[in-house]
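Undergrad: First the structure, then my questions, so here it is.
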Amino acid sequence: MDDFLFADFLDGPAAYAAAQAYWQARLAFLSGQCAPYLRTAFANGQPFADGNPIVNLADRSAGKAARIVQQCPREYGPGYTSFEQAIELADGGGHPRPAREKIIVLTLTQAAAQKAEAELRAWFAPA
């Protein structure tokens, strides 16, 4: 049986915040290099809180971005996949420029978190 972490993350604001805090702590090594690039709340400020994304990071100077989509294990069971796609990121002046995005879709286990962290370390490593 898989040992899912934060299996109840969609059950309320406190559970969702705990899952987000887990990812923020796990990916703290990117805090000086990356910043969020996607909106995660409606216009009225209410968070989406749907796991897409649970975390998002962009290194605008390198033209790279990444997001983790965390899925509910009760609905999806164990899973992990990642892929890349072309996107546009706004530069410092608000002008769009071509970039690459890594998307990781998972149900959260310790093994999945380790794999995602390793992928993001490699993805954002200086060339």
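Undergrad: For ARG100 and PHE29, FRET efficiency with R0 = 22 Å and r from the beta-carbon atoms, rounded to 0.05?
TA: Efficiency, rounded to the nearest 0.05: 0.65.
Undergrad: Right, here's the next one. Once you have the Cα-Cα distance between ALA21 and ASP8, take 0.36 nm times their residue separation minus that, and quote the gain in nm to one decimal.
TA: Extra length from ALA21 to ASP8 when fully extended: 3.3 nm.
Undergrad: Hey, another quick one. Just the number please: accessible area per residue for segment 6-127, 1.4 Å probe, all protein chains included, in Å².
TA: Averaged over the residues of segment 6-127, the accessible area is 54 Å².
Undergrad: While we're on this one: If I compute log10 I(q)/I(0) by the Debye sum over Cα atoms at q = 0.10, 0.19, 0.20 Å⁻¹ from the structure I just sent, which labelled value in (1) -0.31, -1.10, -1.20; (2) -0.38, -1.50, -1.58; (3) -0.42, -1.11, -1.19 lines up?
TA: Matching entry in (1) -0.31, -1.10, -1.20; (2) -0.38, -1.50, -1.58; (3) -0.42, -1.11, -1.19: (1).
Undergrad: Which percent of the accessible area of the chain is formed by carbon and sulfur heavy atoms (probe 1.4 angstrom)?
TA: 54 percent
Undergrad: With a cut-off of 15 Å, note down the residues of segment 1-20 whose backbone N falls inside the zone around a label point 7 Å from the Cα of LEU38 toward its beta carbon.
TA: Under 15 Å, as judged by backbone N against the label point of LEU38, lie 20 of segment 1-20.
Undergrad: Continuing with the same structure: Taking θ as phi - 60°, what are the ³J(HN,Hα) couplings along segment 116-121 by the Karplus curve (6.51, -1.76, 1.60), each to the nearest whole Hz, with x for Gly and Pro?
TA: Once rounded to whole Hz, the list reads 4, 4, 4, 4, 6, 4.
Undergrad: Once the other residues with Cβ under 9 Å from the Cβ of LEU30 are scored (Lys, Arg +1; Asp, Glu -1), what is the net sum?
TA: 0
The values are calculated or read from the model by the stated rules, or taken from the named source; none is laboratory data. The shown structure was predicted, so the numbers you read here are calculated from the model rather than taken from an experiment. With ideal geometry, Cβ positions are generated from the backbone for all residues, glycine too; neighbour counts draw on all protein chains shown. Accessible surface is based on the protein model in full, side chains and every heavy atom, while ligands, DNA and RNA are left aside. Shrake-Rupley method; radii C 1.70, N 1.55, O 1.52, S 1.80 Å.
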